[in-house]
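Read the figures in this text as sums done on the coordinates, not as results from a lab. Remember, it's a predicted structure, so these values are computed and weren't measured experimentally. Using ideal geometry, Cβ is built from the backbone for each residue, glycine included, and neighbour counts are taken over all protein chains shown.
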Amino acid sequence: MHRVMQRNFQRYGPIYREKLGTHDSVNILLPRDAAQLFQSEGILPSRMSIEPWMEHRRLRSHKCGVFLLNGEEWRSDRLILNKEVLSPIGVRKFLPFLQEVAEDFVTFMNRRIRKNTRGTFTVDLYADLFRFTLESSSYVLYGQRLGLLEENPNAESVEFISAVETMLKTTLPLLYMPPGLLQWTKNKVWKEHLDAWDIIFSHADKCIQNIYQEFCLGQERKYSGIMAELLLQAELPLDSIKANVTELMAGGVDTTAMPLLFTLFELARNPHVQTAIREEILAAETQVQQDESKMLNHVPLLKGAIKETLRLYPVGITVTRYPQKDVVLHNYHVPAGTLVQVGLYPMGRSPEVFKRPDRYDPERWLKKDDNSFKALAFGFGSRQCIGRRIAEVEMMLFLIHVLRNFKIDTVSKADINTVFGFILMPEKPPLLTFRPIHQGQ
């Protein structure tokens, strides 16, 4: 789908209209057009709904979270969630949880390396990154570890992993089915999708019960995750809290694992960039005495590397909006209420937008060039990804700990072929080799 969109922009120019299934959309490429689009979104920006997820909520009488909501209901929930999920104060509270899981991942990798007589470890890291991001998300959101970085995770945790994987895998084939048809279909994929969501919501119920039990025991109050904070504040009803935290959990796993995988691959095939970032991390450590909360402000090249990865491999290949008023984009009149998609994958690889777009160059984000509306992987404005800060901090801490402890190599220097399976992913994950960095090396 992302390559089709790229070819269409090359054929038709920076704006074109198409109909795909039930969706009729205008597609745009250039940052200046994206800027105009977001200026016309109003105080209640609307995005395309994910009908299979919506239908599950209707069938099971669950509330929807901000990922699926539009209008005033979206705005009221979002303003409450922003305080715990996006604000600097909220980030400082959950940062130690992400720090702990990143440290455990290094221990997990060292344990595997010690079993190898060569003193290195070569691996397709996809499954391990999925476990890492699920472990991190669970800890931040529910205040509970799943034990996914242990030798033998328990059966309940493995079932939860499988449910999240199945939910993501089955979303795409159901995405363009007409609304209302899903509940009548006997489709095997639809049944798998429903069952997966039921397991995910059941997990949230268990976590809520555990949190309430801790409250009832009257234990000394300490920060124990985003869900516990929302329950204590009682600004949102219980079913809204469950809906929002469940969507954050389900939406924050592969969407973080994939950028980490692509970043590790690019650093492995660009060793000069890897070395420069490692040196930046070591210099930052000295400057802030290994205080990770402060370190994140002293690693601009690392931040640039994550932006560069998301430029080349955006998790979601588009950002969608329905403008609240008529807007003229690139001399093209778009009526209010039209679905408009910003093509992130084609934009990131367009020579009209980026110099030498095929080159992995984190330093391009540190220069004084105008980068407005060129980094839209997390969206923009009040409707930007609600889990953005969790994802950014999670990725930065992971890379800090991994690069501090390992050199990463890859045999293949060829580009990765990517496929779109609701999110952008490699057709075949690369093999990466991890070599421990010893003291004094």
Exercise. Most exposed first by the Cβ proxy, i.e. fewest other Cβ within 10 Å, how do TYR322, TYR212 rank?
Worked result: TYR212, TYR322
Seminar exercise, completed: Pseudo-spin-label distance VAL4 to GLN324, built 7 Å along Cα→Cβ, given in nm, is 3.3
For this session: For segment 120-183 and segment 316-342, write down the distance between their C-alpha centroids in whole Å.
Result: 33
Problem set entry | P(r), alpha carbons of segment 119-262 - 10 Å bins starting at zero, rounded % | 10, 35, 32, 18, 4, 0
Exercise. Which FRET efficiency, nearest 0.05, do ARG92 and ALA336 yield, Cβ-Cβ r, R0 56 Å?
Worked result: 0.90
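Per residue of the chain, what 222 nm ellipticity follows from adding -39500 (n - 2.57) for every DSSP H run with n ≥ 4, rounded to the nearest 500?
Values: 16 runs with 235 residues, N = 441.
Helix-only estimate at 222 nm: -17500 deg cm²/dmol.
Find out how many positive minus negative residues lie around PRO14, taking Lys and Arg as positive, Asp and Glu as negative, among other residues whose Cβ is under 9 Å from that of PRO14.
Residues near PRO14 contribute -2 overall.
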Exercise. Out of GLU72, GLU165, GLU394, any idea which swings most in a Gaussian network model of the chain, alpha carbons joined below 10 Å?
Worked result: GLU72
Exercise. How fast does segment 319-441 diffuse by Stokes-Einstein, in µm²/s, taking the Kirkwood radius from C-alpha pairs at 25 °C and 0.890 mPa s?
Worked result: 134
Exercise. Which trypsin sites (Lys or Arg not before Pro) does segment 121-201 hold that lie in a coil by DSSP with at most 12 other beta carbons within 10 Å?
Worked result: LYS186
Problem set entry | All-pairs Cα distance distribution in segment 40-133, expressed in whole percent, bin size 10 Å | 12, 24, 25, 22, 12, 4, 0
For this session: Note the listed values (1) 25; (2) 16; (3) 13, then indicate which one is percent of Cα pairs over 42 Å apart calculated from this particular structure.
Result: (3)
Problem set entry | Theoretical FRET efficiency, 1/(1+(r/R0)^6), r = Cβ-Cβ of ARG11 and LEU232, R0 35 Å, to 0.05 | 0.05
For this session: Output the Kirkwood hydrodynamic radius of segment 118-176, Cα pairs only, in Å rounded to one decimal.
Result: 13.1
